[in-house]
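> Pasting a structure below so you can have a look.
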Amino acid sequence: IAARTDNGTGIAGVGNGRVRVMPIKVLGADGTGRDSHVIAGIVKAVDRGADVILMAFSGHVPSWSLRAAIGYAWSRNVVLVASVGNGGSSANTYPAGLAGVIGVSATNRHDALAASSNAGNSVFLAAPGVDILTLRSGGGTTTVSGTSAAAAHVAAAAALLRAKYGRISHAAVAGRLAATADPAGSRHQTGNGRLDLARALTTSTG
């Protein structure tokens, strides 16, 4: 999302140097956590002024409290992005499947659904999610795959839209991302299509 650009080192982040990251940890080292931690993280991000919240995780049973936290963020005009998960399933996942959340599946270099990506009704948009270059803890770069990487692309795109157009509504951000997406796979697999960052930033959608 936020790797420095134009420095001749490593990679360039999708955020193009115009995005600041507010890291809030809600999962343990093993990649699991409780709804209560996620809820606390969402509320903390909203109260600290986040414009976009990336939730690079998924579960199968949403609590009413999680729904309420998502509703709180939505009421504060925060763009919510979540990965749909990597089980190769079509079952709904959460928070991606909750109202107001942009659920993201992963595509490969051929614009097909990644083999491990979930699909189905929780998917609003797709983005590249196979062999994605990213910074490595301790220095250098590495590659990652999965819907978490795909969701990071979409979150960065949403942040760039807000950086360019001001605090436009979350609905307007989601609408622009959907309207400018490229056709890829089926609606079941990619929702409104595969993210096209250049078109999202330059195309008038009325």
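> Output yes when any residue across region 80-103 is open to solvent by less than 30 Å² (accessible area, probe 1.4 Å), hydroxyl-bearing (Ser, Thr, Tyr) and either assigned to a loop (DSSP other than H, G, I, E, B) or more than 25 Å from Thr190 (Cβ to Cβ) (or both), and no when none is.
yes
> Name the single residue that is farthest from Gly120 (Cα to Cα) among those in region 15-55 being open to solvent by less than 40 Å² (accessible area, probe 1.4 Å) and assigned to a loop (DSSP other than H, G, I, E, B). Steps first, please.
To start, the set of residues in region 15-55 that are open to solvent by less than 40 Å² (accessible area, probe 1.4 Å) comprises 15, 19, 26, 28, 38-39, 41-42, 45-46, 50, 52-53, 55.
Checking which are assigned to a loop (DSSP other than H, G, I, E, B) leaves us with 15, 19, 26, 28, 50.
On the way: Gly15: 28, Val19: 30, Val26: 26, Gly28: 28, Ala50: 28 Å.
This residue is Val19.
> Also, quick follow-up: Determine which member of the set Ala112, Ala119 is touching a helix residue (DSSP H, G or I) at 6+ places or on another chain (Cβ under 9 Å), open to solvent by 10 Å² or more (accessible area, probe 1.4 Å), more than 29 Å from Val43 (Cβ to Cβ) and not charged (D, E, K, R). Working first, answer last.
Numbers: Ala119 fails: open to solvent by 10 Å² or more (accessible area, probe 1.4 Å).
Ala112 is the lone residue from the list that is touching a helix residue (DSSP H, G or I) at 6+ places or on another chain (Cβ under 9 Å), open to solvent by 10 Å² or more (accessible area, probe 1.4 Å), more than 29 Å from Val43 (Cβ to Cβ) and not charged (D, E, K, R).
> So, one more: Going residue by residue through region 180-190, is there one that turns out to be open to solvent by 50 Å² or more (accessible area, probe 1.4 Å), in contact with a strand residue (DSSP E or B) (Cβ under 6 Å, 6 or more places away or on another chain) and on the phi < 0 side of the Ramachandran plot?
The answer is yes; a qualifying residue exists.
> Residues in region 140-158 that are open to solvent by less than 20 Å² (accessible area, probe 1.4 Å) and assigned to a helix (DSSP H, G or I): how many?
Let us first name the residues in region 140-158 that are open to solvent by less than 20 Å² (accessible area, probe 1.4 Å), namely 146-147, 149-151, 154-158.
When the remaining residues are screened for being assigned to a helix (DSSP H, G or I), the result is 147, 149-151, 154-158.
Final tally of qualifying residues: 9.
The values are calculated or read from the model by the stated rules, or taken from the named source; none is laboratory data. Owing to the predicted nature of the structure, the values given are computational and were not obtained by experimental measurement. For neighbour counting, all protein chains shown are included, and Cβ atoms are generated from backbone atoms with ideal geometry for every residue, glycine included. These accessible areas exclude ligands, DNA and RNA; they are computed on the full protein's heavy atoms, side chains included. Shrake-Rupley method; radii C 1.70, N 1.55, O 1.52, S 1.80 Å.
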